[in-house]
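Only the coordinates and a few stated rules stand behind these numbers; no lab work does. Everything numeric in this text was worked out from a predicted model, so none of it was measured. Heads up, the Cβs are rebuilt from the backbone with ideal geometry, glycines too, and the neighbour counts pull from every protein chain shown.
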Amino acid sequence: MKKFSALFQNDNGYVLPLLLALTTFTLIIISALLLELQHSQLFTKNEREQIQLETLFQMAHATVLQKSREQSFQLDQHYVYEYPYGHATVRGSLQDDQNIRVEYHIKTKNNSTKGVVQYISFPSLQTNLEKN
């Protein structure tokens, strides 16, 4: 025990720089790990928002396809669909004889937005247009 305490009472003064170096090294490692944790949390949050936007798009697209099969989807009219994660505004317009241009404007509850333009081909669209 005396030998150990004699090490700290040495008049040469090499213990303090060693202790400061170890403390600095430990603080650098801790701060780097905290910074990595912050970036991981931000990445996870952004990834969750992207997944919610994609889920909202898929749900809105499925609704548009279902309404178009039921022939209740009107062109040149805005539809707003409310979902658990947010809402989607959909507008369809006639592109040519067999294609519909569908615009999706999607917004999550956390105010993330996404806009998608999609062209949907319906071979039966021409016969439906001729009936109307």
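When peptides 55-61, 90-96 are sorted by average Cβ neighbour count within 10 Å, with the highest value leading, the order is 55-61, 90-96. Modelled this way, with points 7 Å down the Cα-to-C-beta line, the labels at residue 37 and residue 122 are 5.4 nm from one another. Assuming charge only on the beta carbon of Lys and Arg (+1) and of Asp and Glu (-1), the dipole of the range 13-124 about its Cα centre is about 220 debye to the nearest 20. Using the Karplus relation 6.51 cos²θ - 1.76 cosθ + 1.60 with θ = phi - 60°, the per-residue 3J(HN,Hα) values for the range 97-111 come to 4, 10, 10, 10, 9, 10, 9, 10, 10, 10, 9, 8, 5, 8, 6 Hz, with x marking Gly and Pro. Taking 0.36 nm per residue of separation and subtracting the current Cα-Cα distance, fully stretching the chain between residue 29 and residue 59 would add 6.3 nm. Sequence-ordered 3J(HN,Hα) estimates for the range 70-75 from the Karplus curve with 6.51, -1.76 and 1.60 and θ = phi - 60° stand at 7, 6, 10, 8, 8, 6 Hz, glycine and proline given as x. Can you list the residues of the range 97-119 with backbone N under 19 Å from a point 7 Å past the Cα of residue 51, pointing along Cα to Cβ? Residues 107-114 qualify, since their backbone N sits under 19 Å from the label point. Listed values for the range 23-33 are Karplus-derived 3J(HN,Hα) couplings in whole Hz (6.51 cos²θ - 1.76 cosθ + 1.60, θ = phi - 60°), namely 5, 4, 4, 5, 5, 5, 5, 5, 5, 5, 5, and x replaces Gly and Pro.
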